Amino acid sequence: MKAKIQLKGVAKHFGDNRVLEGVDLDVMEGESVVLIGGSAAGKSLVLKCILGLVTPDEGSILIDGAETVGIGERERTRLFDRTGMLFQQNALFDSLTVWENVAFRLMQDHGLPAAKARDAAITKLVAVGLEADVGDLMPSEISGGMQKRVGFARAIAAEPEIVLLDEPTAGLDPIMTNIINEHILEGVHRLGATTLSITSDMAGARKIADRIAMLHDGRIIWCGATDEVDNSGNPYLDQFIHNRADGPIQMAITAA
């Protein structure tokens, strides 16, 4: 199995705020990796660096072995065409119907006629457990959980090779969280896509991840198979997954 995404020594600073200090992470082809870590640890920043929305100060980001840091606009567009992204706040267009949101890239980037794009969008909406007639509603007319599913349908609409998910279940109740995780699991397996997710939902992480990596103090401090998480021997990871107030993470915060 070869690496689809490779981060090598990725660092990003904002003035004196050194958010990423040398992130090393491999995501293998067809694998689902979940990145966990505390609030403001830089998890979303890692995704933005992979997408090229933020340029690292140091390090290398390889996709299929090809460097992506500093590539030109044309090469970046090709990378976007291979990637689907679910944003934490869904980022749906308020002025477009649900199906138009899902089909946006199919029409804008791939030139698909509206009728065919609508059919493709409805197919994806049904695939994530929504009724076909939801496609004609506006985002404001559907619930938060439905908006999450619409966002995921848009992320996989062009059947990308890479899927990036930023807190896909944030703000949802436990039942809807489980539903979303089931659809993510089914969707990425059906595509055979390489998936990198960030989440604070450990139950969801266990469900959708082949491997889990923890980001702390700007670096990956543990990475391993999902079934190894409970016996990692890493005190930071142990504190995080058990929601303990006392431990090295608290000590680090106090010292700061």
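A Cβ distance below 6 Å, combined with a sequence gap of six or more or placement on separate chains, defines the contacts here; from the range 4-23, residues that are farther than 30 Å from A193 by Cα reach residues that are open to solvent by 10 Å² or more (accessible area, probe 1.4 Å) and not in a strand (DSSP E or B) in the pairs H13/D57. Close contacts from the range 117-132, counting a first residue that is without any contact (Cβ under 8 Å) to a residue 24 or more places away in the chain and over 22 Å from N178 (Cα atoms) and a second that is outside any helix (DSSP H, G or I) and open to solvent by 50 Å² or more (accessible area, probe 1.4 Å), with Cβ to Cβ under 9 Å and a gap of 6+ residues or different chains, come to A117/H110.
Looking at the range 36-51, is at least one residue open to solvent by 30 Å² or more (accessible area, probe 1.4 Å), under 21 Å from G151 (Cα atoms), within 15 Å of the chain's Cα centre (by Cα) and among the small types (G, A, S)? So far as the range 36-51 goes, yes, one or more of its residues are open to solvent by 30 Å² or more (accessible area, probe 1.4 Å), under 21 Å from G151 (Cα atoms), within 15 Å of the chain's Cα centre (by Cα) and among the small types (G, A, S).
The set of residues in the range 196-249 that are more than 15 Å from the chain's Cα centre (by Cα), hydrophobic (A, V, I, L, M, F, W, C) and within 24 Å of K12 (Cα to Cα) comprises I220, I221, W222, C223, L237, F240, I249. If you go through the range 72-94 and keep only what is without any contact (Cβ under 8 Å) to a residue 40 or more places away in the chain and not in a helix (DSSP H, G or I), you end up with G72, Q89. Identify, by number, the condition in (1) at pLDDT 95 or above; (2) over 15 Å from the mean Cα position of the chain (by Cα) that G192 doesn't meet. Tallying (1) at pLDDT 95 or above; (2) over 15 Å from the mean Cα position of the chain (by Cα), G192 fails exactly one: (1). Would the range 33-51 turn up any residue that is free of Cβ contacts under 8 Å to residues at least 12 places away in the same chain and assigned to a strand (DSSP E or B)? No: the range 33-51 contains no residue that is free of Cβ contacts under 8 Å to residues at least 12 places away in the same chain and assigned to a strand (DSSP E or B). Residues considered: R154, R105, R149. Of these, the only one that is in a helix (DSSP H, G or I), of a type outside the set (S, T, N, Q) and touching a Leu at 6+ places or on another chain (Cβ under 7 Å) is R149. Filtering I198, I208 for residues that are touching a helix residue (DSSP H, G or I) at 6+ places or on another chain (Cβ under 6 Å), more than 18 Å from G38 (Cα to Cα) and not basic (K, R) leaves a single hit, I208. Residue-level analysis places L196 among those that are open to solvent by less than 40 Å² (accessible area, probe 1.4 Å) and either of a type in the set (A, V, I, L, M) or more than 21 Å from D24 (Cβ to Cβ) (or both).
The values are calculated or read from the model by the stated rules, or taken from the named source; none is laboratory data. Computed from a predicted model, the values in this text were never measured in an experiment. Using ideal geometry, Cβ is built from the backbone for each residue, glycine included, and neighbour counts are taken over all protein chains shown. Ligands, DNA and RNA are stripped out before the accessible areas are found, and what is left, the full protein with its side chains, is counted by its heavy atoms. Shrake-Rupley method; radii C 1.70, N 1.55, O 1.52, S 1.80 Å.
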